[in-house]
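I have placed the structure first, in the form of structure tokens, so that the comments after it can refer back to it.
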Amino acid sequence: MALPVLILNGPNLNMLGLRQPEIYGRETLADIEAACRARAARHGLSIDFRQSNVEGELVSWIQEARGRVSAVIINAAAFTHTSVAILDALLLLDVPVVEVHLSNIHRREQFRHHSYVARAAQGMICGFGSRGYLMALDAVAAMLQDAETATSPMDAH
Ligand code: CA2
């Protein structure tokens, strides 16, 4: 089996489902984790799903992921808009990075329009609620499949 996909969640996402359902939906982060696990399994992938309110902890997890994960999906939450440290850590990875946001950050306040994470990501999915995490897993599975096809020996027939 491929190395796990690391799914990182930033500050306050542990509060999902408890407040502001009109913006972030009614699902809890545990619900999203369960849905991601099921979707990953359909692709023959496993996940390592984590949340932290601490910037340095997220940086350490990204550093530790080097050589141990097949891809990273990240919703850095508010750190998206502030953290050069998370960007620098992501830039050290040599696996696909997909950025996810529950809300459409471009329809919201100006300060949410800029993402540091985006500079390290293959792409960003935003505005589709928790479904965005599943879309990110589908994208990761497709990218890993493409990479495998490109490196496997040509069929002799
Ligand atoms: O839309 C997203 O996924 C965000 O990353 C969520 C962040 C926000 O700072 C970003 O601009 C966009 C905020 C996460 C806070 O989550 C809460 C969950 C429940 C209640 C209150 C906040």
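The values are calculated or read from the model by the stated rules, or taken from the named source; none is laboratory data. Because the structure is a prediction, the values reported are computed rather than measured. Heads up, the Cβs are rebuilt from the backbone with ideal geometry, glycines too, and the neighbour counts pull from every protein chain shown. Calculation scope for accessible area: heavy atoms of the full protein, side chains included, ligands and nucleic acids excluded. Shrake-Rupley method; radii C 1.70, N 1.55, O 1.52, S 1.80 Å.
Data table
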{"read-out": "Inter-part distance where region 1-39 and region 70-94 are each reduced to a Cα centre, Å", "value": "17"}
{"read-out": "Helix-only mean residue ellipticity at 222 nm for the chain, each DSSP H run of n ≥ 4 adding -39500 (n - 2.57), per residue, nearest 500", "value": "-11000 deg cm²/dmol"}
{"read-out": "Span-like helix ranges in the chain, DSSP H, alpha carbon extent 15 angstrom or more, Kyte mean at least -1.0", "value": "29-42, 131-151"}
{"read-out": "Compactness of region 1-119 as Cα Rg over 2.2 N^0.38 Å, two decimals", "value": "1.04"}
{"read-out": "Choice from Ala71, Ala121, Ala142 showing the highest fluctuation, given a GNM over the chain with Cα pairs closer than 10 Å", "value": "Ala142"}
{"read-out": "Accessible-area composition of the chain, carbon plus sulfur, in percent [1.4 Å probe]", "value": "52"}
{"read-out": "Per residue accessible area of region 15-129, 1.4 Å probe, in Å²", "value": "53"}
{"read-out": "Two-decimal Rg to Rh for region 56-121 - Kirkwood Rh, Cα set", "value": "0.97"}
{"read-out": "Only Lys, Arg (+1) and Asp, Glu (-1) charged, at Cβ; the chain dipole about Cα centre in debye", "value": "380"}
{"read-out": "Residue among Glu55, Glu22, Glu64 with the largest mean-square fluctuation in a Gaussian network model of the chain, springs linking Cα atoms under 10 Å", "value": "Glu22"}
